[in-house]
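Asker: Here's a structure for you.
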Amino acid sequence: MTFRVDTPVLPSTLVAAQDWSPSSWTSKPVLQDVDYPDQAHLNKVLEKIGRLPPMVAPGEIHRLRQQLADVAQGKAFLLQGGDCAELFDYCSQGPIEAKLKVLLQMSLVLVWGARMPVVRIARMAGQYAKPRSKPTEMHEGQEILSYRGDNVNGYDPADRAPDPERLLGAYFHSAATMNYVRSILAEGFADLHHPSNWNLHHVKSSHLRQEYQTIVDRLTDALDFMKTIGADPNAGGAKSASPLSSLSTVDIFTSHEGLLLEYEQALTRKMVDPVNPSQQKYYNVGTHFLWIGDRTRQLNGAHVEYFRGIENPIGVKCGPSMKPDELVALLDILNADKQIGKVTLITRYGADQVDKYLPGHIKAVQESGHVVVWACDPMHGNTKQSVSGVKTRHLIDITRELSQAIRIHKQYNSHLGGVHFELTGDRVTECVGGSMELLDAELLDRYETHCDPRLNYEQALDMAFLIAKYQEKQRGFSGVMSL
C-alpha cells in the first residue's frame, strides 16, 4: 500500500516515560481480566502472536493521527461504527461488504452535508472482546461463566471456558478481514455504491422519503458534474483535492476496545517512526485505533498504563461516572504533551443525562489546554428492555442525545467532531423506530446480536441523513429540518 502524507504531524515533544514498557501494565490493578485455567497454554499462544507479522503499519497509524488532528480542529468529521461485538463468523464476504457499504454510504451523505472530509473508522477486524458487568450468569438454574466475546469463550453455554486458542483465532480472523477490506477497496468497491443506485423504499413517510431523495439527487448531480469537468480521477481527469473527488479510493481504518491486555501487549512492537525515521516508537500493530471502555479507565489501572505508551490514536469512553477533574487527570496521563487529536473523547450519557454532565466535561477540557476529538456515542446510554423481553434502543432517544450534544457543544464554543454508532449493514431488527418505523413487536423477527442492539442498514442511513441536514442548515441553507 502507498501512503499519502498531506499535512505533517508535529513530533512528540515528550518521549514516553522511561519506566513504560509494553508489559508495565502488569504492575497495576487489572479490571475485566480473564482467568485462564492453563497459564502455560496462554503463554505459548501469546508467544506465537508476538512472532506473527503486523496487521497495520506505522505509516497508516500516523495517517489516521493526521486526519484526527483535522477533526479536532474542525476541518473534518469522524464516523466510527460497527458491531457491538464481532463474531468470528462475521469474517466472511457478505458481512464485511455489508458493513463497508453502510459506512461508505453514510460517509458520502456526511461529506455532502458538511462539505468536509469524513474520517471513517470501523469497529471491525478485532472487536471480539466485550466487558461484562458480572463474570457469571444464570442459565437454566445453573451459574455459568458469562460470554466474554469470541476471542475468550463461546456463546454456547457449554463452551464458556476461556480458551487461549481463541486469541490466535482473533489474530487470523482480524488479519483476514483487513486483507479483504484492502483488496476490495483497491478494486473500486466504494464506487459501486453511487447514490443513484440507492433504494429508499423502506422510508414509510412520503414526506421524509422525499427529503432523503432530494439529498440523494443533489449528491448524484454533484458527482456527475465532477465527472463532466474532469475533477473525478476515475473519469480520466486530474486529481482533485475536493472531498467529493473520488469514491473509489477511500481510507477505512479499523478499531476495537483494548480490553485483553495480554493480547494487545503481544501486538505491540517497537518500530521506526515514519515521521522521524531516526526514532523508534511503540505501536499497537493489531489495529489503527483503540479505545478504553468506561469500566477500565481507572487512573491507576492497567489499561490506562498500557494506553499511555503507544503511538496509536486512542479513544476514551466518557459517561456519567466520569468526574471533570478525573477526565483532565486522565488526559494528562494519556497525552502528556497535548498532541492535537491524539485522544478522542467518546461521550455516552443517555438522552436524559447529557445536559447534566457534558457541559462540565467540556469546560474542564477547555481549561486544561488539551485539544481533543469530541465524538458522541448516543447508543450505550439508551439501552432499554423491550416488551419482547430483549434489549433494545429507540431511535428517538438516540437522535435526542445526539441533537443535545450538538447543541451543548455549540453553546460552550466547542465542536462535536464525530459520532460513534453500533451498527450493521444487515437488515436486523434490534432497535425500535426510524424511517422504517420498526415496532417493538417486530424485534424478534431478526434479532441476531450476541451483545447489545445495533442500528440496521436503514436506521444507520437515517442517522446520516439527519446529521447531514443539520450540517447543511449550519452552512446557511434554508428550509431544512433541524436535528
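Asker: Determine the calculated [θ] at 222 nm for the chain from helices alone, applying -39500 (n - 2.57) to every DSSP H run no shorter than 4 residues and normalising by the residue count; nearest 500 deg cm²/dmol.
Answerer: It lands at -11500 deg cm²/dmol.
Asker: Now for a separate question. Nearest-5 percent of antiparallel DSSP beta bridges in region 373-483?
Answerer: Numbers: 4 of 9 bridges.
Roughly 45 percent of the DSSP beta bridges within region 373-483 come out antiparallel.
Asker: Can you list, by residue number, the Cys in the chain that have no neighbouring cysteine C-beta under 4.7 Å?
Answerer: Cysteines lacking a close Cβ partner in the chain: C91, C318, C376, C431.
Asker: In whole Hz, what ³J(HN,Hα) sequence does region 163-174 give by Karplus (6.51, -1.76, 1.60; θ = phi - 60°), x for Gly and Pro?
Answerer: With coefficients 6.51, -1.76 and 1.60, one gets 10, x, 4, 5, 5, 5, x, 4, 4, 6, 5, 5 Hz.
Asker: Which of [x] 26.6; [y] 32.7; [z] 22.7 is the computed mean projected area of the Cα convex hull in nm² for the structure on display?
Answerer: Recomputing mean projected area of the Cα convex hull in nm² here gives the entry labelled [z].
Asker: Ordered by residue, what ³J(HN,Hα) values in Hz, to whole numbers, does region 367-380 give under the Karplus form 6.51 cos²θ - 1.76 cosθ + 1.60, where θ = phi - 60° and Gly and Pro are x?
Answerer: After applying 6.51 cos²θ - 1.76 cosθ + 1.60, I find 6, 7, x, 6, 10, 10, 8, 9, 10, 9, 9, x, 9, 5 Hz.
Asker: Where both residues lie in region 263-343, what percent of DSSP beta bridges are antiparallel, nearest 5?
Answerer: Numbers: 5 of 9 bridges.
Of those bridges, close to 55 percent are antiparallel.
Asker: Another question, then. When a/c reaches 1.5 or more, the comparison of a/b and b/c decides; with that in mind, is region 309-358 rounded, prolate or oblate per its Cα gyration tensor?
Answerer: Details: a/c = 2.92, a/b = 1.98, b/c = 1.48.
Cα axes put region 309-358 in the prolate bin.
Asker: Only sites in a loop by DSSP and with at most 10 other Cβ atoms within 10 Å count here; which trypsin sites (Lys or Arg not before Pro) in region 61-131 make the cut?
Answerer: On the way: sites: R63, R65, K75, K99, K101, R115, R120, R123; in loops: K75, R115.
Loop-located and lightly packed - none at all.
Asker: Assuming a ≥ b ≥ c are the square roots of the Cα gyration tensor eigenvalues, decide whether region 109-203 counts as rounded (a/c under 1.5), prolate (otherwise, with a/b larger than b/c) or oblate.
Answerer: Values: a/c = 2.93, a/b = 2.01, b/c = 1.46.
Prolate, since a/c reaches 1.5 and a/b exceeds b/c.
Asker: Next up: Quick one: check the C-alpha center-to-center distance for region 147-180 versus region 284-348, whole angstrom.
Answerer: Going from one Cα centre to the other spans 25 Å.
Asker: Then there's this: Give the calculated FRET efficiency between V390 and W198 to the nearest 0.05, with a Förster radius of 41 Å applied to their Cβ-Cβ distance. Don't skip to the answer; put the middle values down first.
Answerer: Details: r = 30 Å, r/R0 = 0.73.
In this case the efficiency is close to 0.85.
Asker: Please compute the modelled spin-label separation between K356 and S24, points set 7 Å along Cα→Cβ, answer in nm with one decimal.
Answerer: 3.7
Asker: Another question, if that's okay. Run the accessible area of region 68-187 with a 1.4 Å probe and give the carbon-and-sulfur part as a rounded percent. Display every interim value, and only then the final one.
Answerer: Values: 2120 of 4370 Å².
On region 68-187, the fraction of accessible area on carbon and sulfur atoms equals 48 percent.
Asker: Same structure, new question: For the chain, what is the charge dipole size about the Cα centre, in debye to the nearest 20, if Lys and Arg each add +1 at the Cβ and Asp and Glu each add -1 at the Cβ?
Answerer: On the way: 50 positive and 57 negative charges, 271 e Å.
I would put it at about 1300 debye.
Asker: Using a 1.4 angstrom probe, figure out how much accessible area the chain has per residue, in square angstrom, rounded to the nearest whole.
Answerer: Values: 19810 Å² over 483 residues.
That works out to 41 Å² per residue.
Asker: Can you give the extra length, in nm with one decimal, that the chain gains between L439 and N300 once fully stretched, where that is 0.36 nm per residue apart less the Cα-Cα distance?
Answerer: Numbers: separation 139, 0.36 × 139 = 50.04 nm, distance 4.44 nm.
Gain in length upon complete extension: 45.6 nm.
Asker: To continue, here is another question. Pairs to check: K75/K363; K323/K391; K48/K134; K101/K134; K44/K270; K281/K323. Give those whose C-alpha atoms are more than 24 Å from each other in this structure.
Answerer: Details: K75/K363 21 Å; K323/K391 28 Å; K48/K134 30 Å; K101/K134 35 Å; K44/K270 21 Å; K281/K323 32 Å.
Among K75/K363; K323/K391; K48/K134; K101/K134; K44/K270; K281/K323, the Cα-Cα distance tops 24 Å for K323/K391; K48/K134; K101/K134; K281/K323.
Asker: Follow-up question, since we're still on this one. Take Q280 and T383, extend 7 Å from each Cα along the Cα→Cβ direction, and tell me the distance between the two endpoints in nm.
Answerer: With each label point 7 Å from Cα toward Cβ, the separation is 4.2 nm.
Asker: Right, here's the next one. Straight-line reach from K28: which lysines fall under 16 Å, measuring Cα to Cα and dropping same-chain residues less than 8 apart?
Answerer: none
Asker: Can you list the HN-Hα couplings for region 205-217, worked out from phi with the Karplus curve (6.51, -1.76, 1.60; θ = phi - 60°), rounded to whole Hz and with x for Gly and Pro?
Answerer: Karplus values, whole Hz, x for Gly and Pro: 6, 5, 5, 5, 4, 5, 4, 4, 5, 4, 5, 4, 4.
The values are calculated or read from the model by the stated rules, or taken from the named source; none is laboratory data. Bear in mind that the values here come from a model prediction, so they are computed numbers and not experimental data. Cβ coordinates were reconstructed from backbone atoms using ideal geometry, including for glycine residues, and neighbour counts include every protein chain displayed. Ligands, DNA and RNA are stripped out before the accessible areas are found, and what is left, the full protein with its side chains, is counted by its heavy atoms. Shrake-Rupley method; radii C 1.70, N 1.55, O 1.52, S 1.80 Å.
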